[in-house]
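FYI, it's all coordinate maths here, none of it is from the lab. From a predicted model like this one, the values you see are computed outputs, not experimental measurements. Cβ atoms come from the backbone with ideal geometry, glycine included; neighbour counts cover every protein chain shown.
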Amino acid sequence: MCKNLRIRTPWLIISPHFDDAVLSCGHLLAKNPGAVVATICGGIAAPGVPASTWWDRRSWKSARDATLGRRQEDFEALECLNAVQAFADVLDVTYRGHDDDASVFATAIGDILDRFDAEHIAIPLAARAHIDHELTRDGALTALRTRGLANVFFYADLPYFVGRDTDRIARALSAIPVPQAPAHDSENELKREAVTKYRSQTPLLRRSFRRSYNSIFSPDAERLYRYQPT
Ligand SMILES: [Zn+2]
């Protein structure tokens, strides 16, 4: 793609699912209006496919309802943060039926990277979080390597990583911690408001993660690591 057709942005956050970027980087997004959040598992399921997990059946009539509905929730959340929505069309593992196609993720993320001229890029740290998070991280690393892009950061996936040894995991990925200024109250309020827009997700996240869910709103909850490949 012609370089001057790429859209400039201060931050491009690569998100495995709709909600991960806001849960993990909501303060960062509040500090940086005009950031782009690109969700990789943003595909729309075919008509007639039933909602497959109790999580989805609780809120949606079908897989198509779930995948379309999450896009809308994400749009509303990003509007609160003055962020721009983008997505690839990879299906969530629940509807993909397989979980090991790393090249699909690398290609989808490469296409996203080619659309934006980002000053900074953030990708999930992912270890022990969820297979889609791991495929997103590994696909992003592959796509970034072939493009030689700099200013790349890992973010700790919240609420998965609250209280875990993220520094050690980041070090294994050739990344070092970047001190973050604590979020201001106004930035935290924007994150809280944005998170409420994920109406189908937040009650279940709160129930599943209990205390660690609340701690995603601590002013110092978010962690970034600068990727320094050797
Ligand atoms: Zn996720």
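Rounded to the nearest 20 debye, the dipole magnitude of the stretch 1-160 is 240 debye, with +1 charges on Lys and Arg beta carbons, -1 on Asp and Glu beta carbons, and the Cα centre as origin. Extending 7 Å from Cα along the Cβ direction at Trp55 and again at Arg71 yields two label points whose distance is 2.0 nm. For the stretch 57-117, a simple Cβ point-charge model (Lys and Arg +1, Asp and Glu -1, everything else neutral) yields a dipole of about 440 debye relative to the Cα centre. Here the relative contact order of the stretch 137-230, from alpha carbon pairs under 8 Å that lie six or more residues apart, stands at 49 percent.
A protection proxy built from the mean count of other Cβ atoms within 10 Å ranks the segments 174-186, 22-34, most packed first, as 22-34, 174-186.
Across the options Leu135, Asn214, Pro179, the greatest Cα extent toward the positive end of the charge dipole of the chain (unit charges at beta carbon of Lys, Arg, Asp, Glu) belongs to Asn214. Only Lys, Arg, Asp and Glu carry charge here, each on its Cβ (+1 for the first two, -1 for the last two); on that basis the stretch 134-185 has a dipole of about 260 debye about its Cα centre. Within the chain, the proportion of C-alpha pairs whose separation exceeds 33 Å stands at 10%. Think of the stretch 1-143 as a dipole: +1 on every Lys or Arg Cβ, -1 on every Asp or Glu Cβ, centred on the Cα centre; then among Ala35, Trp54, His17, Ala35 lies furthest on the positive end.
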